[in-house]
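Visitor: Quick one: the structure is below, questions incoming.
We did not get these values from a lab; they are worked out from the coordinates using the rules stated. No experiment lies behind these values; they were computed from the predicted model shown. Glycine gets a Cβ as well: all are built from the backbone with ideal geometry, and neighbour counts include every protein chain shown.
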Protein chains: 2
Amino acid sequence: MAAKRVGTQDKRPHRKAAPVPSAQEPRLSLERIVATAVELLDAEGVEGLKMRRLADRLGSGAMSLYWHVANKEEVFDLALDSVLEYRGSSQMIESPDWRQAVFHILEDWRASMLRHPWSASLLPRRALGSNILGRLELLGRVLSTAGVEEADLNGAIWSLWNYVMGATITRANFVLSDEDMLAGQQRLAHLSAEYPTIGRARLLLDNDWDGVFRKGLEFLLDGIVPSR
Amino acid sequence: MAAKRVGTQDKRPHRKAAPVPSAQEPRLSLERIVATAVELLDAEGVEGLKMRRLADRLGSGAMSLYWHVANKEEVFDLALDSVLEYRGSSQMIESPDWRQAVFHILEDWRASMLRHPWSASLLPRRALGSNILGRLELLGRVLSTAGVEEADLNGAIWSLWNYVMGATITRANFVLSDEDMLAGQQRLAHLSAEYPTIGRARLLLDNDWDGVFRKGLEFLLDGIVPSR
DNA sequence: CAGTTGACTCGTACAATGTACGATGCGATG
DNA sequence: CATCGCATCGTACATTGTACGAGTCAACTG
């Protein structure tokens, strides 16, 4: 008889406690699924991730995934959170130079996302996963030791987060839509007529993204921690 | 005989030159389609927009839409751009107080998007539509008259844009995912254990979003236009 | 006026995709 | 061996975007 899942609500465990070390690695596991999903997303972008395709890569049937995962949404959530894990050293963060520490945290954050540009388009729709919270916690800790009052901490954290998100999403968008941007550049003559300031600022060309990012961050930090 | 569209490539015009004023309003038009799409998006969010549903609301057959629009993507693009049109007065912008002008531009921008929270999740994937470019142009013009050097204009515009995008997307995300956030709040006790700083900063509660937005903006502007 | 054209509408059909359901395999335990 | 629970997977279906081609109607042509 099938081990039916008691009819009504019973969600599967979604986690095994200990994989029973004697047995060989099970063919499927959450870890493998998530890792492969990230691969697929890197290779083909958000629309490239189909359950069947993912299963193919894993050498399994499509429906097998659903034992480990509730639905496709959860695959997205897990892939996103996995990519956002902080893997840096904690040395940087405990540096006495808090300004450098903040820079490190936020640039690492941005870099993590730009390594997987799909994350930038996924993030806006998702709740805060634990790795995001972890990074926010880290940031808050550093700001705290930098002398930010508890009352200002909320605002300080969100300001920085907002800035990093915006910069990263914009940047990733340019990474993703090369053609659009190329088209945009070729359209530049046109544009300059309608949008002279944009044309003069070469807003769609020559972008020193990293430099702009740093500069804006400096400004924000100057405001947030008025010392220095 | 049907007026077949010459076989190979022929994209439909997508615009009628003049609707022949004598005839009654055609049952379908790009304008009506876009307006209704925005309604639907407001009511049901991004996933709520289906071609059939949109057609139902318009009292037409689903496939009729495709005469006016190449595909669903284009509906998204048009709805987004439509929502981002600047409808404010030009007085504000020509104000001698450039700082106030910048604030007005950026707050209006943010407000436009928050009125249609789906726009925040759509924007990161789309190329820059003409209404976005229009707003960037506006912003650049004000900054220019505020005394920002041409060489710094690019960085200044992007910094501000990035910040506004990030703040708006984050905010819209909280608007959209009330349940998640509620869950997050109820989880707060839990959270405080793992993330003490976040707990102390009450990062997921009590957010004075508008205040945080303004403050960060002040900081950025202080940096960008060091005068004052 | 009959015929023709072209703008516009729409019913049908199909392919792609997420996933519900139930069968099946398998290792461990009694 | 029988049983059970974890894990896998084939089949089937509903939903959705959209290709295709037929149908409608007003304006224009002769």
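Visitor: Once the label point is placed 7 Å from Cα along Cβ, list for A:L30 the distances to the corresponding points in the other copies, in nm, shortest first.
Guide: 4.9
Visitor: Using the Kirkwood radius built from alpha carbon pairs, what does the Stokes-Einstein equation give as D for the stretch A:30-83 at 25 °C and 0.890 mPa s, in µm² per second?
Guide: 229 µm²/s
Visitor: Follow-up. Can you list the residues of the stretch A:192-216 with backbone N under 16 Å from a point 7 Å past the Cα of B:A127, pointing along Cα to Cβ?
Guide: A:192, A:204-205, by backbone N distance to the label point.
Visitor: Let's test the formula: R0 of 41 Å, r as the Cβ-Cβ distance of A:D206 and B:E218. What FRET efficiency results, to the nearest 0.05?
Guide: 0.90
Visitor: Based on the Cβ-Cβ distance from B:Q100 to B:A70, what FRET efficiency comes out when R0 is 51 Å, to the nearest 0.05? Mind dumping the intermediate values first?
Guide: Details: r = 42 Å, r/R0 = 0.82.
FRET efficiency, B:Q100 to B:A70: 0.75.
Visitor: Rounded to whole Å, how close does chain B get to the rotation axis onto A by Cβ? Give me the residue too, please?
Guide: In residue-and-Å form, the answer is B:G166, 1.
Visitor: For the peptides A:59-68, B:215-224, what is the packing order when you average, over each peptide's residues, the other Cβ atoms within 10 Å and list the highest mean first? If you can, show how the numbers build up before the last one.
Guide: Values: A:59-68: 14.5, B:215-224: 21.0.
By packing density, highest mean first, the sequence is B:215-224, A:59-68.
Visitor: Please compute the net charge surrounding B:A156, taking Lys and Arg as +1 and Asp and Glu as -1 over other residues with Cβ under 10 Å from its Cβ. The partial results should precede the final answer.
Guide: Numbers: positive: A:K215; negative: B:E149, B:D152.
It works out to a net charge of -1.
Visitor: When a/c is below 1.5 the answer is rounded, else prolate if a/b is larger than b/c, else oblate, so apply that to the stretch A:91-224 with a ≥ b ≥ c taken from the square roots of the Cα gyration tensor eigenvalues. Show your work: numbers first, answer last.
Guide: Values: a/c = 2.59, a/b = 1.86, b/c = 1.39.
Since a/c reaches 1.5 and a/b is larger than b/c, the shape of the stretch A:91-224 is classed as prolate.
Visitor: Quick one: length gained pulling A:T145 to A:H190 fully straight, 0.36 nm per residue minus the C-alpha distance?
Guide: Between A:T145 and A:H190, full extension yields 11.1 nm more.
Visitor: Once the other residues with Cβ under 11 Å from the Cβ of A:F76 are scored (Lys, Arg +1; Asp, Glu -1), what is the net sum?
Guide: Working: positive: A:K72, A:R125, A:R126; negative: A:E73, A:E74, A:D77, A:D81.
Its environment carries a net charge of -1.
Visitor: Give me the net charge of A:T197's neighbourhood, meaning all other residues with Cβ under 9 Å from the Cβ of A:T197; Lys, Arg count +1, Asp, Glu -1.
Guide: +1
Visitor: Label position 7 Å from Cα toward Cβ: report the copy-to-copy distances for A:K72 in nm, one decimal, ordered from shortest.
Guide: 1.0
Visitor: Starting from the Cα of B:V46, step 7 Å along the direction of its Cβ; do the same at A:R27; then give the gap between the two resulting points in nm.
Guide: Between B:V46 and A:R27, the simple spin-label model gives 3.4 nm.
Visitor: Hey, for A:F103 with labels 7 Å out along Cα-Cβ, what do the inter-copy distances come to in nm, ordered shortest first?
Guide: So the distances to the same position in the other copies read 3.1 nm.
Visitor: Summarise the partner chain shielding of B:205-215 as one whole number: the mean count of Cβ atoms from other chains within 10 Å of each residue's Cβ.
Guide: For this peptide, the per-residue mean of nearby foreign Cβ atoms is 3.
Visitor: Can you compute the charge dipole magnitude of the stretch A:66-170 about its Cα centre, using +1 on each Lys and Arg Cβ and -1 on each Asp and Glu Cβ, nothing else charged? Give it in debye, rounded to the nearest 20.
Guide: Charge dipole of the stretch A:66-170: 360 debye, to the nearest 20.
Visitor: What is the pair-distance distribution P(r) of the stretch A:18-135, computed from all Cα-Cα distances in 5 Å bins starting at 0, with each bin given as a whole percent?
Guide: Reading the bins upward from 0: 2, 10, 19, 19, 16, 13, 10, 6, 4, 1, 0.
Visitor: Where the only charges are on Cβ atoms (+1 Lys, Arg; -1 Asp, Glu), what is the dipole of the stretch A:91-224 about its Cα centre, to the nearest 20 debye?
Guide: 340 debye
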